[in-house]
Amino acid sequence: MKPPRFQYEAPSTLDEALRRLADLGDGAKVIAGGQSLVPAMNMRLATPEVLIDLGRIESLRGIRELPGGGIQAGAMTPHAAFERSELLQRRMPLIPEVMRFVAHAQIRNRGTIGGSLAHADPAAEWQAVCIALDATIVIASTQGCRRVKAVDFTQDVYTTDLQPGELIEAVEFPAWPSQRRWGFEEVSRRRGDFAITGALCTLDLDAGSRCTQARCVVFAATSRPLVIEAAPGLLAGRVVTDAAIEAVADAARAAVDPMSDHHASAEYRLELVQTLMARVLRQALAS
Ligand SMILES: Cc1cc2nc3c(=O)[nH]c(=O)nc-3n(C[C@H](O)[C@H](O)[C@H](O)COP(=O)(O)OP(=O)(O)OC[C@H]3O[C@@H](n4cnc5c(N)ncnc54)[C@H](O)[C@@H]3O)c2cc1C
């Protein structure tokens, strides 16, 4: 199938892109890697009159270290650049490892962090990673810049906090504590397919192996990734035992009201949530 006719613009600066987005209003859409937007246009689910390609805006690309040890990534940085980044392999190893689960190599070469977050597919790994790592989304418009925590950015299936005239400029990740452990698992029909359900966790341990911070996230089971709020209370301040892991897995099961679709039933997803949560916590402790 072919998309309807559209005009194409490729500004070379962020200011120019923002001005065009403000001038053109609802008729315009930005395009990043095109891996979700182009199929949607081909199926006539999206029918922009003007496409504003962000691909020539160099300032939107790259992975940089921030003062204090955080990481900032430009919105147009492709998934593959995170997968291959030596900086991230040293400083935030969860990100390169999880990127290997995003689609296939060709798609990872084109698809971008900004496009994935703006598209807000509930099964997208980026949303879950950004929430688990307490990332901040930097949003630009002709009015200036604002920052939104990842946990507040995604609101529903394909729905975010982005307002007309705004685009994602960058994503910022806080520094990774030296004693951090992590686990990630997802189930999909085939390698590279979107996840049916996934789970990830970060555990910060002190010198005595006591947990000082825990963040557990489930994704692809509900309309947006879910933080398991009970987890810190069950894990923090103690050495993590098998019983505590099972308690968090039970809490995850109780917190989730999963969706049912042609990929999997709600009942199956519920089983996955509990099983995967226990596995990622064990993985984190073993790492
Ligand atoms: C076969 C296949 C399998 C896939 N499997 C997975 C998978 O397993 N996991 C996964 O996470 N993803 C998967 N994807 C999606 C892929 O990761 C896409 O790259 C991603 O969803 C969209 O990124 P993009 O850069 O291509 O954005 P585009 O397709 O260009 O844009 C997507 C949407 O975001 C908007 N947008 C883009 N950039 C910005 C910005 N900076 N600010 C504001 N809005 C913006 C666009 O207007 C559009 O509405 C798959 C895609 C395909 C085709």
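Which of the residues spanning region 206-222 are at pLDDT 95 or above and of a type outside the set (D, E, K, R)?
If the condition is that a residue be at pLDDT 95 or above and of a type outside the set (D, E, K, R), then 211, 212, 213, 214, 216, 217, 218, 219, 220, 221, 222 are the ones that fit.
For a quick check of your reading of the model, give me the residue pairs whose first member lies in region 50-75 and is at pLDDT below 95, whose second is assigned to a loop (DSSP other than H, G, I, E, B) and surrounded by 14 or more Cβ atoms within 10 Å (Cβ to Cβ), with beta-carbon atoms closer than 6 Å and at least 6 apart or on different chains.
Going by the 6 Å Cβ cut-off, the qualifying pairs are 68/175; 69/175.
Please enumerate the residues belonging to region 139-164 that are surrounded by 19 or more Cβ atoms within 10 Å (Cβ to Cβ) and assigned to a strand (DSSP E or B).
139, 140, 154, 160
Tell me, please, whether a residue that is surrounded by 21 or more Cβ atoms within 10 Å (Cβ to Cβ) and under 29 Å from residue 24 (Cβ atoms) can be found in region 103-111.
yes
With 128, 80, 123 as the choices, which residue is in a helix (DSSP H, G or I) and surrounded by fewer than 23 Cβ atoms within 10 Å (Cβ to Cβ)? Spell out how you get there, then give the answer.
Numbers: 128 fails: surrounded by fewer than 23 Cβ atoms within 10 Å (Cβ to Cβ); 123 fails: in a helix (DSSP H, G or I).
One residue alone meets the criteria, 80.
State which residue pairs qualify: first residue free of Cβ contacts under 8 Å to residues at least 40 places away in the same chain and inside region 259-270, second residue part of a helix (DSSP H, G or I) and surrounded by fewer than 16 Cβ atoms within 10 Å (Cβ to Cβ) in any location, beta carbons under 6 Å apart, and separation of 6 or more residues or different chains.
Going by the 6 Å Cβ cut-off, the qualifying pairs are 260/266.
Name the residue that is farthest from residue 191 (Cα to Cα), counting only residues in region 96-120 that are near the ligand (Cβ under 6 Å from one of its atoms) and not in a helix (DSSP H, G or I).
112
With region 221-287 as the region, which helices (runs of 4 or more DSSP H) entirely inside it contain at least 1 residues that are touching an Asp or Glu at 6+ places or on another chain (Cβ under 6 Å)?
Details: elements: 231-235, 242-255, 266-286.
Per the criteria, 266-286.
Checking the conditions here, which among 46, 40, 22 is near the ligand (Cβ under 9 Å from one of its atoms) and not in a loop (DSSP other than H, G, I, E, B)?
Values: 46 fails: not in a loop (DSSP other than H, G, I, E, B); 22 fails: near the ligand (Cβ under 9 Å from one of its atoms).
Being near the ligand (Cβ under 9 Å from one of its atoms) and not in a loop (DSSP other than H, G, I, E, B) holds for just one of 46, 40, 22, which is 40.
The values are calculated or read from the model by the stated rules, or taken from the named source; none is laboratory data. No experiment lies behind these values; they were computed from the predicted model shown. Using ideal geometry, Cβ is built from the backbone for each residue, glycine included, and neighbour counts are taken over all protein chains shown.
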